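Enquirer: I am attaching a structure below and will ask some questions about it afterwards.
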Amino acid sequence: MNTASHALDHHDGHHPTGLLRWLTTTNHKDIGTMYLSFSLLMFFVGGAMILGVRAELFQPGLQLMKPEFFNQLIGVHALVMIFAALMPAATGFANWMIPLMIGAPDMALPRLNNWGFWLLPPAALLLTMPFFLALFGIGDGAVATGWTLYAPLSVQGGIGVDFAIFSIHILGISSIMGSINIIATILNMRAPGMTLMKMPLFCWGWLVTAVLLIITLPVLAGGVTMLLTDRHFGTHFFNAAGGGDPILFQHLFWFFGHPEVYILLLPVWGLMPHVLSTFTRKPIYGHTAQVWSFVAIGVLGLIVWAHHFLTSGLPVPALLYFMYSTMSISLPLAVLFFCWIATMWRGAMSFETPMLFALGFIVLFGIAGLTGLVLADVAADAQYHHSYFVVAHFHYALFAGGIMGVMTGVYYWLPKWTGHMYSEKLGKLHFWLTVISFNFTFMPQFFLGLAGMPRRIPDYALQFAEFNAISTVGAFALGLSQLIFAYNVWRCVKGGDKATDRVWEGTEGLEWELSSPPPHHSWETQPVIKAG
Amino acid sequence: MSQTAPRLQARLLAALGLVFASGSALADFTWNFPKPVTPIGRDTLSMHNQFMIIITVLFVVVFAIMVYSMIAHRKSIGAEPARFSGPRGALQWFWVLVPFAILLFIDFVLMGIPAFHAVIDMEDTRTKADMVLKVTGMQWKWQYEYPDSGIKYISTLTTPREQIEGKEAKGEHYLLEVDNPVVLPVGKKVRILLTSTDVIHTWWVPQFGVKRDAIPGFLRETWVRIEEPGIYRGQCAELCGKDHGFMPVVVKAVPEAEYVAWVDKKKTELAAAAASGDRTWTRDELMAHGKETYDKICAACHQATGQGLPPAFPALAGSKIVNGPLLSPDGKLIPDSHVDRVMNGKAGTAMQAFKTTLSDADLAAVITYERNSFGNTKGDMIQPAQIKALR
């Protein structure tokens, strides 16, 4: 580096510019931006895949694709949306906001942070590469087992499975590094006076998420490694002929897979009270109760995994245990709903876009929670399981809960990040189109499931035709509506009305005391939290 | 963009409305489970209905409070925000704990108790079982076996390819029709044992309220007592590879007398088939029966043309294995030969050990057919009796 120009730089600007800046950055805000941009890109990639699926399902019969390709699209859609869209979005929020909220200058482990992000693009590339390799006659396409990779179907599968296994390994390493960083930051770098119980709920949601990731991801990594050795090195973990058991894979997978649902949702649950408090101009209700609910959901989330395969022939005591433990999750979840509504109660509400998304989230996520309660019932689950009822249920949880939660956060914090206001008009249009088309897409799927349509079929009997047609029209409207979101974000990054430091009238918390956008190094002098 | 967006929104909404309106005018929408015909099915439906009412009430009550708050506590009508952030005093604590207590009651009493009894009932497969049916899932068909009478056969989809590809109008039972349905007597408790030869499949008939996984190398069980004669249709419910959507379950429930007659007829048929395995077949007989068996069992993967779908499903046309030697000079099985592959399958692939599912005549015919079709001109043939000797 040129020492003369380096000497001229003051404390703020000693970093490279252009592409090298992004490759080498250790700044939490730059890394947060990269996570969020990557997430937005992959959201559209995963969305395009599922629009292909919905187009095929518009009418009975095989019109557009072979069943083999259909099976690849559904599985890769799920893996992309979960690992490359939702999880990076939440990590992007954590990177941007945790240091601002707890009064820290940056994350505790900045180099690890950079590495954690830069593992994601190669992992996403590995996951999707078999699609392109197949075009050149190498292999038979991407993983076609659904995202659950159940053995022995995945033992039978082509090279797409190997690519998915390695991709999951890399994604897992990235997530574990991110989690270690977040835990280290939260435990060590809070401003003086900010006790754990005074820490903002968003940070609490992430703290529980990070712990869950560190507990469960190694189990998934172990499970897929056993799959790899079954495929290539003659082991029989999942093969009865060699003394193994295919159901073992399901236990290992869902020991990760169920906490994963809360891993995706806890950051959003942490964010909600902040948004509700801001737009009701009233303090958060039940801060302590929400903290303990997060912890309770985290703990319960680790011990209910087998409700994902209740039809696999578990013994009766196991069925009863997993049924009742799953039902008990409704209790801490109900505490959260109670606190959200009590926060709104007797406030002075206004309905800007983040508030609209928060309210939409609460109502639609409520449907996910309530249908989850009936799914826990073993006997009724025999009808719901593997059917479109489940597909609808988890899209209410992960689109309306996860993705709309992320959008709440983006609209809420975007002015703080960019220093500009987004277009409120476009934001509201985006909200209404999203909510309406979302329900058009997924509400019919509940009825399809009840009528008996199984998941993951490329073609279906004639009695399912009408609901499928509605669902497909809804899905295309939903997908296209998200272009408004991308445009609105892009416009806001480019310019727009100046945002004030507090951005919203009713904000509380350290993050709103910094300028919008915040300085390159967030808190150079530690703020002090007053007692009481 | 910001000006065209509202117009676009209006158009999209109009389009959505149109689809919904025309759909509901034409279609017969099903909003709930199909009519149950077993005790478990009825139980499940009534439990489901009860739960749906409970969660609908919960939904309406909770969100009515929220919507009321959104209307009454608006800034635009000059609402002043309160400052409370938690319950204060005994009365407020009481009202906070009441919803919690209600939910506890709903979870573990109102829903929990009927659910407990339903589970116990559903899993009681053995008490007073009248007969056993063994179901074996395999890519992508079902095999049904009646251990009491020794009947065993395969059931595959009969919907023609042309209907699936849209070249012909789709029939009434599109994708839900098979060549050999399971036949079961009405009013008998049937214990169903399930397993699989390759990957995990799930046997599901919605009207029975029964869904159970078929797991390779293990036996799982469930039971049905069908109360009304009729034809009941379902599907495989676990993703099991490319033709997962094309392996329906069709059950024909008949009065007991009719069932007994069916068993007798089936036994006679099987005896005839077994006898045919002992005689010497002509080449034409083997080729004709071989084509029939191939199209039904093998063509899903290796294709009717024998070209396969490489690399997962290799071509038989010009295949080294198919064009290799038939048997060793002393009439023994050659490892990894054509006969070995067809009889014993290949571990870790979709190629099954067909000796467990096909008869001697079927195997001999299909092997002969493959060696003399798709451009393969081995010219040799194998007799059912030779297969029998190799078992």
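Enquirer: What is the sum of charges, Lys and Arg at +1 and Asp and Glu at -1, for the other residues whose Cβ falls under 14 Å from the Cβ of B:Met66? Don't skip to the end; give the middle numbers.
Expert: On the way: positive: A:Arg346, B:Arg74; negative: none.
Every neighbour counted, the sum reads +2.
Enquirer: So, one more: In peptide A:241-247, how many Cβ atoms from other protein chains are near each Cβ within 10 Å, on average?
Expert: Mean partner shielding for this stretch: 3.
Enquirer: Continuing with this model, one more query. Relative contact order of the range A:352-518: what whole-number percent is it, with Cα pairs under 8 angstrom and at least 6 residues apart?
Expert: Values: 215 pairs, mean separation 50.8, N = 167.
Here the relative contact order equals 30 percent.
Enquirer: Longer than 19 Å from Cα to Cα, which of B:Lys134/B:Lys355; B:Lys188/B:Lys252; B:Lys266/B:Lys388; B:Lys320/B:Lys346 are they? Say none if no pair is. Don't skip to the answer; put the middle values down first.
Expert: Values: B:Lys134/B:Lys355 17 Å; B:Lys188/B:Lys252 14 Å; B:Lys266/B:Lys388 22 Å; B:Lys320/B:Lys346 15 Å.
Over 19 Å apart, Cα to Cα: B:Lys266/B:Lys388.
Enquirer: Enter the angle in degrees (range 0 to 90, nearest 10) between the Cα long axis of helix A:316-328 and the first principal axis of the Cα atoms of chain A, meaning the one along which they spread out most.
Expert: So the inclination is approximately 30 degrees.
Enquirer: Show me, for the range A:16-23, the HN-Hα J-couplings you get by feeding each phi into the Karplus relation (A = 6.51, B = -1.76, C = 1.60, θ = phi - 60°), rounded to Hz, glycine and proline as x.
Expert: x, 10, x, 4, 4, 4, 6, 5
Enquirer: Which far-off residues, 5 or more places away or on another chain, put their amide H under 5 Å from the one on B:Ile192, with H placed in the peptide plane?
Expert: B:Leu133, B:Thr222, B:Trp223, B:Val224
Enquirer: About the Cα centre, and with charges only on the beta carbon of Lys, Arg (+1) and Asp, Glu (-1), how big is the dipole of the range B:279-390? Nearest 20 debye, please. Intermediate results must be reported in sequence, preceding the final value.
Expert: Working: 12 positive and 11 negative charges, 28 e Å.
In debye, rounded to 20, the range B:279-390 gives about 140.
Enquirer: Once the other residues with Cβ under 14 Å from the Cβ of A:His77 are scored (Lys, Arg +1; Asp, Glu -1), what is the net sum? Don't skip to the end; give the middle numbers.
Expert: On the way: positive: A:Arg54, A:Arg455, A:Arg456; negative: A:Glu56.
Cβ neighbours under 14 Å give a net charge of +2.
Enquirer: So how long is each side of the range A:420-532 along the principal axes, counting just the alpha-carbon atoms, biggest first, in Å?
Expert: Computed over the range A:420-532, the largest-to-smallest principal extents equal 66, 36, 24 Å.
Enquirer: What dipole magnitude, in Debye to the nearest 20, does chain B give about its Cα centre under +1 on Lys/Arg Cβ and -1 on Asp/Glu Cβ?
Expert: Working: 42 positive and 39 negative charges, 201 e Å.
Dipole magnitude for chain B comes out near 960 debye.
Enquirer: 7 Å from Cα along Cα→Cβ at both B:Glu162 and A:Ile214: what's the point-to-point distance in nm?
Expert: Each label point lies 7 Å from its Cα, and together they span 6.5 nm.
Enquirer: About the Cα centre of the protein assembly as shown, how large is the charge dipole given +1 on each Lys and Arg Cβ and -1 on each Asp and Glu Cβ? Please answer in debye to the nearest 20. Walk me through the numbers on the way to the answer.
Expert: Values: 63 positive and 63 negative charges, 244 e Å.
So the dipole magnitude of the protein assembly as shown works out to roughly 1180 debye.
Enquirer: Of B:Thr368, B:Thr156, how do they rank once you tally other Cβ atoms within 10 Å and put the fewest first? List each step's numbers first, then the result.
Expert: On the way: B:Thr368 23, B:Thr156 17.
Lowest to highest Cβ neighbour count: B:Thr156, B:Thr368.
Enquirer: Right, another one. Cα centroids of the range A:58-120 and the range A:194-269: how far apart, whole angstrom?
Expert: 16 Å
Enquirer: How far is helix B:283-293 tilted, in degrees, relative to the longest principal axis of the Cα atoms in chain B, given as a value from 0 to 90 rounded to the nearest 10?
Expert: 0 degrees
Enquirer: Still on this structure, I have one more. Within 10 Å of each Cβ in A:333-342, how many Cβ atoms from other chains are there, averaged over the peptide? Provide the component values of the computation, followed by the final result.
Expert: Values: counts 1, 8, 4, 0, 5, 5, 3, 1, 5, 7.
If you average over the peptide's residues, the count of other-chain Cβ atoms is 4.
Enquirer: I'd like the Karplus ³J(HN,Hα) series for the range A:233-238: coefficients 6.51, -1.76, 1.60, θ = phi - 60°, whole numbers in Hz, and an x wherever there's a Gly or Pro.
Expert: 10, x, 7, 10, 4, 10
Enquirer: Between A:Leu64 and B:Glu80, what FRET efficiency follows from the Cβ-Cβ distance if R0 is 45 Å, with the result rounded to 0.05?
Expert: Numbers: r = 58 Å, r/R0 = 1.28.
That pair, A:Leu64 with B:Glu80, gives E of 0.20.
Enquirer: What order do you get for B:Trp142, B:Trp262 when you list them from fewest to most C-beta neighbours inside 10 Å? Write down the numbers at each step before the final one.
Expert: On the way: B:Trp142 26, B:Trp262 16.
Fewest-to-most Cβ neighbours within 10 Å comes out as B:Trp262, B:Trp142.
Enquirer: Next question, about the same structure. Is the shape of the range B:279-390 best called rounded, prolate or oblate, per the rule: a/c under 1.5 gives rounded, else a/b larger than b/c gives prolate, else oblate, with a ≥ b ≥ c the square roots of the Cα gyration tensor eigenvalues?
Expert: Working: a/c = 1.40, a/b = 1.23, b/c = 1.14.
Cα axes put the range B:279-390 in the rounded bin.
Enquirer: Also: Under 12 Å Cα to Cα from B:Lys332, which aspartates and glutamates show up? Leave out anything in the same chain fewer than 8 places away.
Expert: B:Asp340
Enquirer: Counting only C-alpha contacts under 8 Å and six or more residues apart, can you give the relative contact order of the range A:25-199 as a whole percent?
Expert: 28 percent
Enquirer: Among A:Glu352, B:Glu256, which comes first, then next, by fewest other beta-carbon atoms within 10 Å? List each step's numbers first, then the result.
Expert: Numbers: A:Glu352 18, B:Glu256 12.
Listed from fewest to most nearby Cβ atoms, that is B:Glu256, A:Glu352.
Enquirer: Work out the mean other chain Cβ neighbour count within 10 Å for the residues of A:362-374 and drop it here as an integer.
Expert: Values: counts 3, 5, 0, 0, 6, 3, 0, 3, 8, 3, 1, 8, 9.
The shielding value for this peptide is 4.
Enquirer: Return the sequence-ordered ³J(HN,Hα) values of the range A:122-127 in whole Hz as given by the Karplus equation 6.51 cos²θ - 1.76 cosθ + 1.60 applied to θ = phi - 60°, using x for Gly and Pro.
Expert: With coefficients 6.51, -1.76 and 1.60, one gets x, 5, 5, 5, 4, 5 Hz.
Enquirer: In whole angstrom, note down how far apart the Cα centers of the range B:205-262 and the range A:442-518 are.
Expert: The two parts, judged by their Cα centres, are 39 Å apart.
Enquirer: List the lysines whose alpha-carbon lies under 18 Å from that of A:Lys416, not counting same-chain residues fewer than 8 positions away?
Expert: Result set, ordered by chain and number: A:Lys29, A:Lys494, A:Lys498.
Enquirer: Mind checking the angle between helix A:159-188 and chain A's longest principal axis? C-alpha axes, 0 to 90 degrees, to the nearest 10.
Expert: Roughly 30 degrees between the two axes.
Enquirer: B:Ile151's amide H: which non-local residues (gap 5+, or another chain) put their own amide H closer than 5 Å, with H modeled 1.01 Å from N in plane and none for Pro or chain starts?
Expert: B:Tyr146
Enquirer: Hey, another quick one. Using the beta-carbon distance between A:Val45 and B:Asp380 and R0 = 60 Å, what value does 1/(1 + (r/R0)^6) give for FRET efficiency, to the nearest 0.05? Present the calculation step by step, with values, prior to reporting the outcome.
Expert: On the way: r = 53 Å, r/R0 = 0.88.
Efficiency for this residue pair is about 0.70.
Enquirer: Can you tell me the order of A:125-132, A:253-260 when each peptide is scored by its average per-residue count of other Cβ atoms within 10 angstrom, highest first? Don't skip to the answer; put the middle values down first.
Expert: Values: A:125-132: 19.1, A:253-260: 22.9.
So the peptides A:125-132, A:253-260, ranked by packing, come out A:253-260, A:125-132.
Enquirer: Mean separation of Cα pairs under 8 Å and 6+ residues apart, divided by the residue count of chain A: what relative contact order is that in percent?
Expert: Working: 848 pairs, mean separation 94.7, N = 532.
18 percent.
Enquirer: Check B:Ala214: other-chain or 5+ apart residues with amide H under 5 Å from its amide H, H built from backbone geometry?
Expert: B:His201, B:Thr202, B:Trp203
Computed from the coordinates by the stated procedures, all read-outs in this text should not be read as laboratory data. None of the values given here were measured: they were computed from a predicted structure. Backbone-built Cβ (ideal geometry, glycine too); neighbour counts: all protein chains shown.
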